[in-house]
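These notes concern the structure reproduced below.
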Amino acid sequence: MSTKTFARDDDSVVVVIGSGAGGGTLSAELTRLGASVVCLEAGQPAIYEQNLPAFYARTRWSDPRGFDGDLYPDLPVLIAKAVGGTTNFWGGVSLRRQAHEMRSRTTYGALPGTSLVDWPITLEDLEPWYAQAEQRLGVSGLNGKPDIPDHNNSELLKIGARRRGYKKVSNGHLAINTVPHDGRPACRQMGFCTSGCVIGAKWSSTHAEIPRALATGRFELRQQCHATKIEHDAAGRVTGVVYLDAEGREQRQRARVVCVAANGIETPRLLLLSASGRFPQGLANGADQVGRHYMTDLVGRLIAVLPGEVHNYRGSTNSGLVADDMAHDPARGFSGGFLYVARGIQVPSWPNEIDPAGFGTEFAKLMEAYPNAVSAAVLGEDMPVADNRITLDGALRDAHGLPVAHVTKRYHANDLALMDYALKNGVEIFKSLGATFTLAKQSRTVIHNLGTCRMSADPADGVCDRFGRTHEVPNLFISDGSQFTSSAAAPPTLTIVTLALRQAAHIAEQLRTNAI
Amino acid sequence: MPASDPNFSPYRRRLLAGAVTAGLLASHGLPARVFAATGAPLAADALRAAQLHAVCRTLFPHAFLGDATWLACVEKIEARVKADPAAAAPVAEGLAALPAGFANLDQAGREAALAPLVGSPFFKIARQSAASVVYYAPETWQALHYPGPSAPFGGYVDRPLVELDWLEGPRA
């Protein structure tokens with residue numbers, strides 16, 4: 001491992017804030033292209049353990065959050081504070097966005113109450129970068145990589161879906177090695193993908209990108225370093241980042257370029273905390289767009305008890321895909337699309353998956369039906385709404401005395417119509433297998449945080465341009481899911497990696513030509 | 001898994017002490033369960049342990065679980081109270097809100113008595129603590145045909161992953 005260190009007054013470095021899907025990939029690619037990178041990571045290395053509740057308790061971002069709206073009050077948002085960020089948690093589902101999802105305003109029209117705009121880039125712009133990302137992540141079922149093998153939970157979703165007439169039924173595409181790839185081993189079908197793959201068969205920034213960046217000798221990872229403010233000069237260019245180190249001491253790293261990849265909640269929070277005389281509403285927030293248009297994707301849970309044993313915990317947690325409904329088809333009564341993906345559940349998580357307030361004789365009977373339980377998730381596109389947003393909380397403070405993020409999310413009528421349709425039809429998939437009990441509900445603890453510093457062609461509509469560079473500050477970039485102009489039926493990680501690869505090439509070229 | 005050997009648990013000792021007290025009174029011709037329910041003859045901490053014990057087994061009444069698991073649940077709640085002083089008042093208030101004789105009600109009666117407390121801080125603490133014992137207990141994993149962590153045996157890749165002989169109807 002590299003022991004490269006940079007001086008804090010070295011103003012030639014790129015500072016990347018966050019080491020997850022966006023920050024880790026960007027760091028690896030920028031350093032490969034010759035740039036020097038200091039990555040500030042608020043968390044410590046994650047300790048992997050096949051015990052999901054314990055792993056989450058230790059690894060999640062545990063600051064309190066202010067909150068308004070429809071999310072689950074006890075845990076509105078689940079993201080990581082750890083080296084590798086939320087790639088430690090993800091299930092690996094790696095699907096491209098669809099062409100219409102880059103032109104959502106044009107495709108869906110002016111849905112009342114939404115703040116839809118088209119992306120300033122098209123699917124064609126992303127395709128070569130998606131291809132690179134899929135190679136890099138070793139995505140199963142592509143580029144000669146075998147599919148993830150069938151297991152009961154995925155096989156049942158597929159059989160049920162075929163019985164109901166679905167056509168786009170497959171094992172899906174996951175960033176999980178089905179053969180050794182990129183120095184990481186093949187998957188052993190252990191389950192527990194979302195509590196950190198203990199053998200590193202699942203792509204994560206932790207296992208793939210951070211080591212790659214370190215190997216270049218041009219990368220320094222500073223763990224337990226919590227960025228608190230991005231500073232700028234009189235010309236309005238960023239000059240460095242103030243952070244608190246592991247001992248709580250304030251430090252300042254100078255920078256030529258700053259890239260923020262702290263997840264869709266902490267990224268806007270940091271820009272808002274960086275308000276100054278020149279940027280009184282927060283950095284890059286002259287158009288009052290930072291934190292707005294907050295999207296979470298729509299996540300639903302489908303569980304059913306079947307006549308025989310399923311053992312849904314075996315095998316890759318999220319393999320098994322029904323993709324027919326990803327298309328936009330307004331005849332269904334809503335805009336946008338969704339997918340069904342199998343989802344294994346381990347026993348320690350089982351009681352809260354069924355009902356976090358459940359108890360008593362009937363509940364215990366349901367718990368005892370675990371061996372026969374099949375499980376899947378719905379993932380769908382939610383709509384941007386200007387007043388769904390991240391702000392600084394007026395009262396709550398973190399351990400450093402700084403205002404925490406205040407999360408406001410109220411689901412739009414289109415979101416509720418999509419989820420209702422997806423859950424009703426999902427239940428029918430499991431009923432076709434002889435289900436004796438079914439449960440279908442929207443998850444109100446969200447895991448995807450998108451759109452809060454979105455890309456826009458017009459600086460009045462968003463925070464950053466087609467390369468993630470903020471409209472107002474020429475050497476400040478947004479490098480995570482915050483830059484998404486709209487959500488999608490596909491989960492966000494592959495697109496975050498794709499945008500990071502594309503952004504790295506752009507920044508490297510700008511550095512080389514002294515444009516920034 | 002139980003947090004510690006219940007044979008050496010202070011709560012077990014207190015419960016036993018309570019039972020002994022109640023037993024002595026029973027020898028005077030009065031049923032021990034009545035005294036456990038009214039609490040009058042029990043030490044305050046023994047009553048508290050008995051109530052928490054009843055709350056935990058009401059929450060997740062699995063027949064395959066024995067007393068050791070319920071005692072571990074009670075210990076878990078008390079450990080939480082000890083570690084987090086803010087939990088003390090909600091637990092005391094929750095227990096005070098239970099009807100007299102709660103521990104002596106049948107399961108249906110105890111469920112009805114607990115129902116108004118769903119969502120309260122007490123309920124959350126009790127349920128979270130009990131779930132973190134019950135759904136990690138070896139007896140539970142055995143009853144649910146669940147092996148737990150798969151890394152120790154190398155995952156399922158070399159084992160049959162599709163076993164659906166029971167499934168009727170078309171598959172294609």
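The values are calculated or read from the model by the stated rules, or taken from the named source; none is laboratory data. Keep in mind the model is a prediction, meaning the values are calculated, not measured. Quick reminder, even Gly has a Cβ in these numbers, built from the backbone with ideal geometry, and neighbours come from all protein chains shown. What goes into the accessible areas is simple: the full protein's heavy atoms, side chains included, and nothing from ligands, DNA or RNA. Shrake-Rupley method; radii C 1.70, N 1.55, O 1.52, S 1.80 Å.
In a simple Cβ point-charge model (Lys, Arg +1; Asp, Glu -1; nothing else charged), the protein assembly as shown has a dipole of about 460 debye relative to its Cα centre.
Between residue B:84 and residue A:365, the modelled labels are 3.3 nm apart [label points 7 Å from Cα along Cα→Cβ]. Normalised per residue, the accessible area of chain A is 32 Å², obtained with a 1.4 Å probe and no contribution from ligands, DNA or RNA. Amide H to amide H, with H built 1.01 Å from N, residue A:392 comes under 5 Å of A:406, counting only residues 5 or more places away or on other chains.
Simple spin-label estimate for residue A:47 and residue B:107 gives 3.8 nm between the two label positions (7 Å along the Cα-to-Cβ direction from each Cα).
Considering only A:312, A:276, A:298, the residue lying farthest towards the positive end of the dipole of the stretch A:268-331 is A:276, judged by Cα position with unit charges set on Cβ.
Which residues of the stretch B:105-137 show a drop of at least 20 Å² in accessible area when all protein chains are present, compared with their chain alone (probe radius 1.4 Å, heavy atoms only, ligands and nucleic acids excluded)? Buried on complex formation: B:111, B:118, B:123, B:124, B:127, B:135, B:136.
Size descriptors for the stretch A:14-512 (Cα atoms only): Rg and Dmax, in that order, 21.6, 70 Å. Taking Cβ atoms as reference points and 13 Å as the exclusive limit, the residues near residue A:188 contribute a net charge of +3, counting Lys and Arg as +1 and Asp and Glu as -1.
One quarter of the surface of the convex hull around the alpha-carbon atoms of the stretch A:48-193 equals 12.8 nm², the direction-averaged projected area.
Computed from backbone phi with θ = phi - 60° and the Karplus coefficients 6.51, -1.76 and 1.60, the 3J(HN,Hα) list for the stretch A:400-409 is 9, x, 9, x, 7, 5, 10, 9, 10, 9 Hz; x is used for glycine and proline. When the Cα gyration tensor is reduced to axis lengths a ≥ b ≥ c, the ratio a/c is 1.5 or higher for the stretch A:143-214, and with a/b above b/c it is classed as prolate.
Estimated at the nearest 10 Å², the accessible area of residue A:129 is 60 Å² with a 1.4 Å probe.
The relative contact order of the stretch A:129-235 comes to 21 percent, based on Cα pairs under 8 Å that sit 6 or more residues apart.
Less than 5 angstrom separates the built amide H of residue A:16 from those of A:38, A:39, A:40, A:259, all sequence-distant by 5 or more or on a different chain.
With a cut-off of 9 Å between beta carbons, the residues surrounding residue A:260 carry a summed charge of -2, where Lys and Arg count +1 and Asp and Glu -1. Check cross-link reach from residue B:82 to the lysines: straight Cα distance under 21 Å, and skip same-chain residues fewer than eight apart. In chain and number order, the partners are B:124.
Each label was represented as a point 7 Å from its Cα along the Cα-to-Cβ direction; for residue A:249 and residue B:67 these points are 5.8 nm apart. With all protein chains in place and a 1.4 Å probe, the accessible surface of the protein assembly as shown carries 54 percent carbon and sulfur. Compactness check for the stretch A:329-454: Cα Rg over 2.2 N^0.38 Å is 1.32. The accessible-area loss of the stretch A:49-66 on complex formation, taken against its chain alone with a 1.4 Å probe, reaches 40 Å² or more at A:50. In order along the stretch A:172-178, the Karplus-derived 3J(HN,Hα) couplings, from 6.51 cos²θ - 1.76 cosθ + 1.60 at θ = phi - 60°, round to x, 10, 10, 7, 10, 5, 8 Hz, and Gly and Pro are given as x.
Chain B contacts chain A over a buried accessible area of about 3600 Å², both sides summed; the probe is 1.4 Å and only protein chains count.
Solvent-accessible area of residue A:432, all protein chains in place: 40 Å² (probe radius 1.4 Å, heavy atoms, ligands and nucleic acids excluded).
Taking other residues whose beta carbon is less than 14 angstrom from the beta carbon of residue A:432, and scoring Lys, Arg as +1 and Asp, Glu as -1, yields +4.
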